[in-house]
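*Asks:* Before I ask anything, here is the structure I am working with.
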Amino acid sequence: MSEKTVKNKKKIKRHGLSVLFVHCTVAISTFVLIFSGLGQMPLYKRYMLDLVPGLSWVSDFSVTLSIHYWAAVVLIFAIVYHIVFHGIRRDFDMLPRRGDMKESVQIIMAVFGFGKEPENDKYLAEQRLAYIFIGSSLLILVFTGIIKVLKNLPHINFSEDFIYWITQIHNLGTLLIIIGVVVHLGAFIFKENWPMLPGIFTGKIDLEYAKRRHSIWYDRIFEKKR
């Protein structure tokens, strides 16, 4: 990805349109999958959510199942696009590196005022760990979800025990995703992470913030410009 600065606004480009598209698509489709998946349990009927005006459909299994399938199609497309796009460009900045666990602890301790953060690249160590955690959980959901769909097709038979365990793994994947999303969003409770928020929507972050907190990435970009 080419990195550009916008000097008049003192911003630096952190994400391109492709990254913004994938992030938005995965986020929305994942939330829809969680909501529609829980609706098939059926939690919404039990807790009378379907009595709320405009939400009578949430307890209709056929409706939530259809929404679940379409959201899954969107998610799979976004995942495949993401893998192919970054694979072709050999852009692997988000992949975990040796020492990320230790650096994540240092970053968290620094946020609470204990010690100093290590020098950071384009992404914080904890962001790289969150990426692989959420990404792996999504792949678990996709793989088990495909099997759950295949079992409904004619001439395809799986044993009851196999489907039982696939369902349990699918449910576990859902739980992991929920935990990952909560922790991921919870990071923005801390003021130190607030400057990263605009980048989610515009792809740009404050130049001085990048220089201070992402010094490795900042130096690499400006070294290329010299």
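*Asks:* State yes or no: is residue 161 of a type outside the set (Lys, Arg) and either touching a strand residue (DSSP E or B) at 6+ places or on another chain (Cβ under 9 Å) or over 30 Å from residue 37 (Cβ atoms) (or both)?
*Replies:* Criteria not met by residue 161.
*Asks:* A further question follows. Specify which of the listed residues (100, 93) is closer than 25 Å to residue 222 by Cβ and surrounded by fewer than 16 Cβ atoms within 10 Å (Cβ to Cβ).
*Replies:* So the residue among 100, 93 that is closer than 25 Å to residue 222 by Cβ and surrounded by fewer than 16 Cβ atoms within 10 Å (Cβ to Cβ) is 93.
*Asks:* For the range 95-108, indicate whether the set of residues that are farther than 18 Å from residue 184 by Cα and acidic (Asp, Glu) is non-empty.
*Replies:* no
*Asks:* Among the numbered criteria (1) farther than 30 Å from residue 194 by Cα; (2) open to solvent by less than 60 Å² (accessible area, probe 1.4 Å); (3) over 21 Å from the mean Cα position of the chain (by Cα), which one does residue 48 miss?
*Replies:* Status for residue 48: all satisfied but (2).
*Asks:* Something else now. Would you say residue 84 is outside the structural domain of residue 183 (by TED's automatic domain parsing), of a type in the set (Val, Ile, Thr) and modelled with pLDDT of 90 or more?
*Replies:* yes
*Asks:* Tell me, which helices (runs of 4 or more DSSP H) wholly within the range 44-157 include 3 or more residues that are touching a residue at least 40 places away in the same chain (Cβ under 8 Å)?
*Replies:* The helices (runs of 4 or more DSSP H) meeting that bar are 61-89, 125-150.
*Asks:* Only one residue in 150, 138, 129 is closer than 30 Å to residue 211 by Cα and either surrounded by 13 or more Cβ atoms within 10 Å (Cβ to Cβ) or of a type in the set (A, V, I, L, M) (or both). Which one?
*Replies:* 129
*Asks:* Check whether at least one residue in the range 160-174 is open to solvent by less than 30 Å² (accessible area, probe 1.4 Å), at pLDDT 90 or above and in a loop (DSSP other than H, G, I, E, B), and report yes or no.
*Replies:* Looking for residues that are open to solvent by less than 30 Å² (accessible area, probe 1.4 Å), at pLDDT 90 or above and in a loop (DSSP other than H, G, I, E, B), one finds none in the range 160-174, hence no.
The values are calculated or read from the model by the stated rules, or taken from the named source; none is laboratory data. All values reported here derive from a predicted model rather than from experimental measurement. All Cβ positions, even for glycine, are placed from backbone atoms using ideal geometry, and neighbour counts span all protein chains on display. These area figures cover heavy atoms from the full protein model, side chains too; ligands, DNA and RNA do not enter into them. Shrake-Rupley method; radii C 1.70, N 1.55, O 1.52, S 1.80 Å.
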